[in-house]
């Protein structure tokens with residue numbers, strides 16, 4: 001174990017001893033590691049730390065190893081730190097995330113200390129079930145409702161990891177065509193929504209944790225949280241959790257359910273100044289546009305990704321038709 005790291009953890013938690021540290025997983029592109037730290041003399045038996053340390057040689061799984069990519073990742077960890085420090089303590093119980101514990105810098109690495117969700121019974125991972133999906137959808141609706149019209153101070157000006165302004169290399173890699181040409185218009189359309197909220201930005205199934213009975217849910221990994229149209233989180237969850245034929249069969253049901261959750265959450269959080277019908281109409285209009293925006297990213301990043309399918313192609317075609325009619 002690392003004596004300096006142990007000392008810093010004890011100093012920041014007030015624990016008496018670090019019993020052991022075990023690896024949970026490496027961070028994306030080897031930018032560090034996620035670890036579970038077992039403690040004695042602390043209010044919980046364990047915590048989770050995210051140790052951020054850029055590799056000496058970049059190692060992106062898809063070969064995107066530019067300095068632009070590295071700087072985006074480093075900024076994402078700063079955004080996530082700000083999120084945990086400044087936003088998490090304001091969240092209601094319906095929007096569970098790990099609590100922030102501490103942050104320090106030591107030995108050329110940054111260390112973010114967080115509550116261990118396993119300790120509070122949120123240890124189950126996503127299973128391919130309607131129950132899990134509905135819980136994720138409701139969590140997103142609560143998140144979007146609570147943060148409606150939030151300025152997102154200190155977060156990404158535009159949330160999601162595939163935002164065009166941060167993905168110029170991937171745009172350059174796209175084949176020439178209508179989608180590539182329309183990328184800026186798509187981006188402008190989504191940024192121009194009257195009803196903006198905060199989006200999680202990476203709301204895939206792996207970033208949700210559940211209680212064993214699947215009645216409780218929490219979300220993790222807030223590197224790309226920022227302002228945006230809430231439907232962007234919804235289409236990303238759909239693309240990540242469902243396969244092509246499920247998308248064609250279930251999309252209307254899912255979208256209707258999301259807006260039921262959203263309307264209920266707006267009422268719960270006393271967002272009485274929000275015209276729900278106008279918000280729903282606007283975000284429904286953004287549905288195909290949001291799909292085409294994610295399609296644009298995937299076509300440059302990895303066009304063979306399983307999410308590049310006929311459903312996405314259909315939504316992109318509809319989006320491009322809609323944008324043409326605006327001109």
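Note down the nm distance, to one decimal, between modelled labels 7 Å out along Cα→Cβ at residue 6 and at residue 180.
Once both label points are built, they end up 5.5 nm from each other.
Let me make sure I get this right: for the stretch 188-327, a, b and c are the square roots of the gyration tensor eigenvalues over alpha carbons, sorted descending. Under 1.5 in a/c it's rounded, otherwise prolate if a/b > b/c, else oblate. Which is it? Mind showing how you got there, number by number?
Numbers: a/c = 1.61, a/b = 1.11, b/c = 1.45.
Oblate is the answer for the stretch 188-327, as a/c is 1.5 or above yet b/c matches or exceeds a/b.
Report, in degrees rounded to the nearest 10, the 0 to 90 angle that the Cα long axis of helix 3-13 makes with the longest principal axis of the chain.
Once rounded, the angle reads 80 degrees.
Which of rounded, prolate, oblate describes the stretch 206-246, given a ≥ b ≥ c as roots of the alpha-carbon gyration tensor eigenvalues and a/c under 1.5 marking rounded, otherwise prolate only if a/b is larger than b/c?
Verdict is oblate for the stretch 206-246.
In the stretch 245-259, which residues have a backbone nitrogen under 11 Å from the label point lying 7 Å from residue 314's Cα in the Cα-to-Cβ direction?
245-252
Suppose the chain between residue 192 and residue 68 were pulled fully straight at 0.36 nm per residue; how much longer would it get relative to their current alpha carbon spacing?
Gain on extension, residue 192 to residue 68, equals 42.1 nm.
Measuring from label point to label point, each 7 Å out along Cα→Cβ, what is the residue 123 to residue 173 span in nm?
3.9 nm
Could you tell me which of rounded, prolate or oblate describes the stretch 3-115, using a ≥ b ≥ c as the square roots of the eigenvalues of the alpha-carbon gyration tensor, with rounded for a/c under 1.5 and, failing that, prolate when a/b is larger than b/c and oblate otherwise? If you can, show how the numbers build up before the last one.
Details: a/c = 2.15, a/b = 1.40, b/c = 1.54.
Oblate, since a/c reaches 1.5 and b/c is not below a/b.
On C-alpha positions alone, give me the angle between the axis of helix 231-241 and the longest principal axis of the chain, in degrees, nearest 10.
The helix 231-241 is inclined about 70 degrees to the chain.
By how many degrees, 0 to 90 and rounded to 10, does the Cα axis of helix 244-268 deviate from the longest principal axis of the chain?
Once rounded, one gets 70 degrees.
Nearest-5 percent of antiparallel DSSP beta bridges in the chain?
95 percent
Using a basic spin-label model with each label point 7 Å from the Cα along Cα→Cβ, how many nm lie between residue 94 and residue 277?
2.2 nm
All of the numbers you see were taken from the coordinates with simple rules; none came from a lab. Fair warning: this is a prediction, and the values are worked out from it, not measured in the lab. All Cβ positions, even for glycine, are placed from backbone atoms using ideal geometry, and neighbour counts span all protein chains on display.
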